[in-house]
Amino acid sequence: MKIIDTIMPGTPFVSLEFFPPKERTEWPSFFRTVGRLVEAKPLFASVTYGAGGSTHRDTLEIVTRLKREHGLETMAHLTCIGSECDEVDRFLAALTQEGVSNVLALRGDLPKEVTPDTYPCLTLLHASDLVAFIRSSHPDLGVAVAGYPEMHPEATGPDADLAFLKLKLDQGADFVVTQLFFDNRYYHDFVRRARAIGINKPVIPGILPVVSLKVINRIISLCGATIQPEFLAELEDADRSGGAAAVQRVGVAHARRQAEELLAAGAPGVHLYTLNRAEAVLEIVDGLLPT
């Protein structure tokens with residue numbers, strides 16, 4: 001089933017993003033975490049390539065198991081730059097064969113061994129190219145794309161960044177999942193500006209609970225998200241007084257407030273970047289949605 005067909009106006013939801021472990025020896029623990037987070041009753045669950053550079057094969061196996069063994073509607077992340085066109089097509093066909101109906105279409109980072117003059121597929125250079133490719137080759141798949149409330153780090157400006165988002169949607173993407181942010185004003189302004197240029201498809205805010213200062217500093221350095229000085233100071237005070245456990249309490253409380261405010265303001269749902277932390281996510285979602 002396409003995820004877009006399950007997103008209903010006025011019916012808020014939670015969705016989850018899982019990060020595959022680097023080693024297969026860690027998979028049993030990962031799937032135990034998944035089993036716990038089924039309690040959150042997510043509308044869907046997405047699976048990244050992960051920091052360890054998981055392969056298409058790993059992604060396919062994980063999303064298939066999430067669907068078959070845990071009953072989750074799944075969405076596989078798929079990057080295109082540096083990939084062979086036939087490779088992408090085979091992956092999409094394998095997803096379809098396994099009953100996985102949704103993809104998050106991303107450009108991805110260029111592999112180190114590939115240079116601009118040796119791209120394997122010159123028709124898959126941008127996420128918009130991938131969306132168009134999926135729509136032409138596998139039209140029955142659901143397609144989501146990424147949006148950047150604080151602007152993509154490589155964008156020349158906010159207007160240009162929004163224009164690229166509109167292009168992805170015009171090529172046939174169903175909805176947007178945003179990059180993480182810690183100040184809801186970024187999301188509200190992003191949606192306002194998106195609507196002003198004719199983007200009318202759902203924009204799902206992505207929320208990351210802070211579980212450690214080390215993790216959040218690394219993630220912020222990668223994605224360019226801004227953390228409010230007062231929130232950072234609160235996290236640092238918690239770390240000095242109570243260590244990692246205190247940091248997680250502050251981070252989870254902040255993420256919960258974000259989610260409550262976003263849903264109250266009319267966001268279609270909230271997408272939680274789980275970091276595979278069951279306790280933190282379950283605390284955020286407990287009683288969040290109307291019963």
**OP:** With a 10 Å radius around each residue's Cβ, average the other Cβ atoms per peptide and rank 11-17, 136-142, highest first.
**Re:** 11-17, 136-142
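Under a 1.4 Å probe, what is the accessible area of region 120-249 per residue, stated in Å²? Kindly include the intermediate steps, with their values, before the conclusion.
Numbers: 5960 Å² over 130 residues.
Using a 1.4 Å probe on heavy atoms only, each residue of region 120-249 averages 46 Å².
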Original post:
log₁₀ I(q)/I(0) of region 139-245 at q = 0.09, 0.13, 0.14 Å⁻¹, via Debye over equal Cα point scatterers, no solvent, to two decimals?
Top reply: -0.29, -0.55, -0.62
Subject >> Top positive-direction residue, dipole computed over the chain with Cβ charges, set Thr33, Ser136, Ala244 >> reply: Thr33
**OP:** Can you tell me the 0 to 90 degree angle between the C-alpha axis of helix 85-97 and the longest principal axis of the chain, rounded to 10?
**Re:** 70 degrees
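How big is D, in µm² s⁻¹, for region 120-172 by Stokes-Einstein at 25 °C and 0.890 mPa s if Rh is the Kirkwood radius over C-alpha pairs?
Working: Rh = 11.9 Å.
Using the Kirkwood radius from Cα pairs, D works out to 207 µm²/s.
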**OP:** Taking 7 Å along the Cα-to-C-beta vector as the label spot, tell me the Thr96-Asp170 distance in nanometres, rounded to one decimal.
**Re:** 2.7 nm
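Counting Lys and Arg as +1 and Asp and Glu as -1, each charge on the Cβ, what is the dipole of the chain about the Cα centre in debye, to the nearest 20? Could you put the intermediate results ahead of the total?
Working: 28 positive and 37 negative charges, 87 e Å.
It comes to approximately 420 debye.
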Original post:
Under a 5 Å amide H to amide H cut-off, with H placed in plane at 1.01 Å, what residues pair with Glu73 once short-range neighbours are removed?
Top reply: Ala45
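Determine the share of region 136-291's accessible area contributed by carbon and sulfur atoms, expressed in whole percent, with a 1.4 angstrom probe. Each step should come with its number before you reach the end.
Numbers: 3750 of 7070 Å².
That share works out to 53 percent.
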**OP:** With only alpha-carbon atoms counted, please give the Rg and Dmax of region 194-291, in Å.
**Re:** 14.7, 48
Original post:
Using just the C-alpha positions of region 206-251 as equal point scatterers, what log10 of I(q)/I(0) does the Debye formula give at each q in 0.21 1/Å?
Top reply: -0.64
**OP:** At q = 0.18 Å⁻¹, what is the base-10 log of I(q)/I(0) for region 8-89 according to the Debye formula with one equal point scatterer per Cα and no solvent? Please give it to two decimals.
**Re:** -0.78
Original post:
With each label point set 7 Å from Cα along the Cα-Cβ vector, what nm distance links Thr226 and Glu260?
Top reply: 2.5 nm
**OP:** Grab the DSSP H runs of the chain that are 4 residues or longer, score each as -39,500 (n - 2.57), total them, divide by all residues and round the 222 nm result to the nearest 500 deg cm²/dmol.
**Re:** -14500 deg cm²/dmol
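Mind checking the full-extension length gain between Ser136 and Arg240? Use 0.36 nm per residue of separation minus the Cα-Cα distance, one decimal, nm.
Numbers: separation 104, 0.36 × 104 = 37.44 nm, distance 5.43 nm.
Full extension from Ser136 to Arg240 adds 32.0 nm.
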**OP:** State the Cα centre-to-centre distance between region 195-221 and region 228-291 in whole Å.
**Re:** 13 Å
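Rounded if a/c is under 1.5, else prolate if a/b beats b/c, else oblate: with a ≥ b ≥ c from the C-alpha gyration tensor eigenvalues square-rooted, which is region 64-216? Numbers along the way, then the final one.
Details: a/c = 1.44, a/b = 1.23, b/c = 1.17.
Rounded, since a/c falls under 1.5.
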Original post:
Expressed as an acute angle from 0 to 90° and rounded to the nearest 10, what is the orientation of the C-alpha long axis of helix 56-70 relative to the principal long axis of the chain?
Top reply: 60 degrees
**OP:** Just grab the label-to-label distance for Lys214 and Val38, each label 7 Å out from Cα along the Cβ direction, in nm (one decimal).
**Re:** 3.2 nm
Original post:
What are the principal axis extents of the Cα atoms in the chain, in Å, biggest first?
Top reply: 54, 44, 42
Original post:
Taking the Cα atoms only, what angle lies between the long axis of helix 127-137 and the longest principal axis of the chain, rounded to 10 degrees?
Top reply: 50 degrees
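The values are calculated or read from the model by the stated rules, or taken from the named source; none is laboratory data. Values in this document were obtained by computation on a predicted structure and should not be read as measured data. Cβ sites come from the backbone with ideal geometry, for glycine too, and all protein chains shown count toward neighbours. Heavy atoms of the whole protein, side chains included, go into the accessibility calculation; ligands, DNA and RNA do not. Shrake-Rupley method; radii C 1.70, N 1.55, O 1.52, S 1.80 Å.
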